[in-house]
Every structure is written in structure tokens, then in C-alpha cells.
Amino acid sequence: MTADGLHGTDDETNAVDAADLESDGEVDDAALRPAWGRPEAVAMRWAVPPDADGRTPPAVLAHKVRRLGLGRALRVVQAGDLRVVVGDATRAAVVDEVLPRGTQVEVWRLPPDAPGDLVGEPRVLRQGDGLVVVDKPGDLAVHPSARYLHCTVTAWLRRRGTPANPCHRLDRETSGVLVCANDKAAERRWKQAFAHGAVEKEYLAVVDGEVAAPFVVDLPLALQGDRGLVRIRVVADDAGPPARTRFEPVDVSADGRRTLLRCTPATGRQHQIRAHLHAAGHPIVGDKLYQMGDRWFDAFTRRALTDDERARLPCARQCLHASRVRLGAEEFVAEAPVDLLAAFAGR
């Protein structure tokens, strides 16, 4: 099946962007196994952008999926899985040909997962009036990516016969309220409300250290990009857009090593709560990037961690939970999950 976006033979279709493809920096082995011509294969199509004009196919692919690297991209091209679109058909890209800007190309790969791989299903909080609101488990992706096709919220919603589009972002490891819409008017209303800061959001986080009093972090944020080892990290940057979050302690663990915080963001920047808590000296427990650091995270994405390094991670996922979302009279609440409370108690 060939068209813009990500495709599967069972019509599991969703557009993905470069950030989704990089999948927090990790490249799944399925992306490197020959896929072209196999019925279960999926594809993504895009046009060669101006800043990749005149590059070879491996360079174009490595530019699109940066964590793939030139060596792995070369293997994909040599396997015939990077295709050049010619009318209604495609041909295998030639390793040393030049691809001008605007050329339509496709990369094919095998699905990285299967529907049966899903561990923990979302819980429907509300369905009706154009909305499907769910309580998302931690470690479940919202959209398809390089590592997930079937094990996503959007795929799960389609399988249960209620296809809907998420109205906002929620990190894969973050659990809690996710507002989705299956009606264009409802989708437009909620997306605009999220974009303009009209939605009240509240999170629970388990953090390192004892927090005795409420505090506010008012710190502009921007992507680290080429300034550091991990491009997707968000850092304090005076040139970035303003970001403000209020934090209030709910409880302190018996040993005083961890605090359960209520987090209320006034803005909606990427990784805002995670980056603000790191800046405040209280990183979220289990945060592979902001608690563990760039070098640990980079080794994790390359699957290069030693057993000792992996054992340093205090929790399997970041302990962040979207507990409440409100727009006008509409309010959705998701109780704190068991794994988050266990992490708070140090179990």
C-alpha cells in the first residue's frame, strides 16, 4: 500500500513526523530487515526537502531519520527498501544516484510490533458528543512511530471500532487522560483550546528528594538540537518561548527520598514538566533523559548499556501521570496508577 503517511495492510494508517520516526532516538531492528514486497510491510512517503537537495539516497534517508545513521541507511537502500516514486509505481533507489529536491521517495520496513504485543489497554473515561477520552497506561505510544504500529492508542481505538484523533500530545511513558475526537467540530474545538492554553491540565509526578513547599518554575525552553548529545532534549533558553509550571507537594515518602507533586502547567511546551523539574533539582523518577542524563540516554537508545548502567534506572518508566483535564464544564479525571504509587513508596 502506498500513499502519504504510515501504512499497513490492515488499514492501520497514520501520518508520522520525523520526531515520531526517531522514536526518542531508538531505532528498532525491524527497520533494518528487508521489507519490500512482503505483504505485512509498511511504508512512509515524503518529498526530498530543500536542505537535502542533490544528496544520494542513503544521505536522504539518514537526513530524514537522523538516528538511523548513514551506515544503516545504506543497508536499507541496498536491500531495495528505499523506493523512488515514478507515477503510480516505484523503483528501487540506486545507492549513488542524486535525488533532487521534491523527489517523492518511500521507505519500507516490517511492522515493529503486533496487536497481540499490547500490554495494558486504555480505559475509556467518556465516549460521546464527538469525544473518546481515555486513561492511557504508561509505556503506550499515542501515534505510530519507528518502534510502534499496532501498539498505539490510535490503533487500539480503530480495533475497537471507535477511530479517533488525539487532540493533544502525551509522551509514551506518561500515563493518564488523553482527549481524542471522532467528530471534526469537537476535534477542532479541543485542539484550538489546547493550542491557546484554554485547557486546565493537572499532572502527578514522583520526583527525587523532599519538597516541603509549593514553588513555581518560570523558565523559557527550547530544543537542545545540535548544542548537545541528545537533540530531543529540552533546555533552558532565554531565546525560547516562555514556560511556567506550578508545583505543589502532595506527600513525601516515609524515608524522605521522594515526593509526590501536583504539577499545573500554565503553558504547554514540549517536555515542559520534565525539564522544569530537572532545572529545579527534582527530576522525575525513572526519566531516562532528564534524571539519567544525556550519556546514559544516548547509550540506552543505542542499546549499549552495561548491566550495571541499566540497573541504575530506578523505575521502568517516568513517573508522570496526567490526572486531570478541564475545558469549561467538561472535566476528565484519571486516578494515580498503581505503578506510580509503588514508585513513590520506593517499591
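No value in this document is a laboratory result; all are computed from the given coordinates. These figures come from a predicted structure and were not determined experimentally. Ideal geometry is used to build each Cβ from the backbone, glycine not excepted, and the neighbour counts take in all protein chains shown.
Each of TRP190, VAL77, GLY138 was scored by the projection of its Cα onto the charge dipole of the chain, and the greatest displacement toward the positive side belongs to VAL77; charges sit on the C-beta of Lys, Arg, Asp and Glu. In the chain, Cα pairs under 8 Å separated by at least six residues give a relative contact order of 14 percent. Legend: calculated FRET efficiency, LYS191 to GLU121, from the Cβ-Cβ distance at R0 = 22 Å, rounded to 0.05, equals 0.35. Please give me the summed charge of the neighbours of GLY346: other residues whose Cβ is under 14 Å from its Cβ, Lys and Arg +1, Asp and Glu -1. Charge balance near GLY346 sits at -2. Gain on full extension, evaluated as 0.36 nm per residue between ARG302 and ASP251 minus their Cα-Cα distance, stands at 14.7 nm.
Seen from VAL216, the other residues with C-beta closer than 12 Å to its C-beta sum to a net charge of 0, counting Lys and Arg as +1 and Asp and Glu as -1. Can you give the net charge of the other residues whose Cβ lies under 12 Å from the Cβ of GLY256, counting K and R as +1 and D and E as -1? Every neighbour counted, the sum reads -2.
If I model region 124-226 as equal point scatterers sitting on the Cα atoms and use the Debye formula, what is log10 I(q)/I(0) at q = 0.12, 0.18, 0.23 Å⁻¹? Cα-only, vacuum Debye calculation for region 124-226: -0.52, -1.00, -1.30. Ignoring lysines fewer than eight residues from LYS64 along the same chain, none have Cα atoms less than 19 angstrom from its Cα. Out of (i) 187; (ii) 164; (iii) 149, which label holds the value of volume of the Cα convex hull per residue in Å³ that was computed here? Correct label, based on the coordinates given: (iii). Partner lysines whose Cα lies under 24 Å from the Cα of LYS201, excluding those fewer than 8 positions away in the same chain, are identified as LYS136, LYS184, LYS191, LYS288. The distance between label points at ASP183 and ALA92 comes to 5.1 nm (points 7 Å beyond Cα on the Cα→Cβ vector).
Taking the helices alone, the chain has a mean residue ellipticity at 222 nm of -5500 deg cm²/dmol, built from -39,500 (n - 2.57) per DSSP H run of at least 4 residues and averaged over all its residues. Here each label is just a point 7 Å from Cα along the line to Cβ, and for ARG169 and ALA198 those points are 2.2 nm apart.
The stretch between ASP129 and GLN78 holds 13.4 nm of extra length on full extension. This uses 0.36 nm per residue minus the Cα-Cα distance.
Listed peptides 37-46, 132-141, 204-213 appear in the order 132-141, 204-213, 37-46 once ranked by packing, highest mean of other Cβ atoms within 10 Å at the front. Ordering ILE232, ILE273 by the number of other Cβ atoms within 10 Å of each residue's own Cβ, fewest first, gives ILE232, ILE273. Label-to-label distance, ARG38 versus ARG312, with points set 7 angstrom from Cα along the beta-carbon direction: 3.6 nm.
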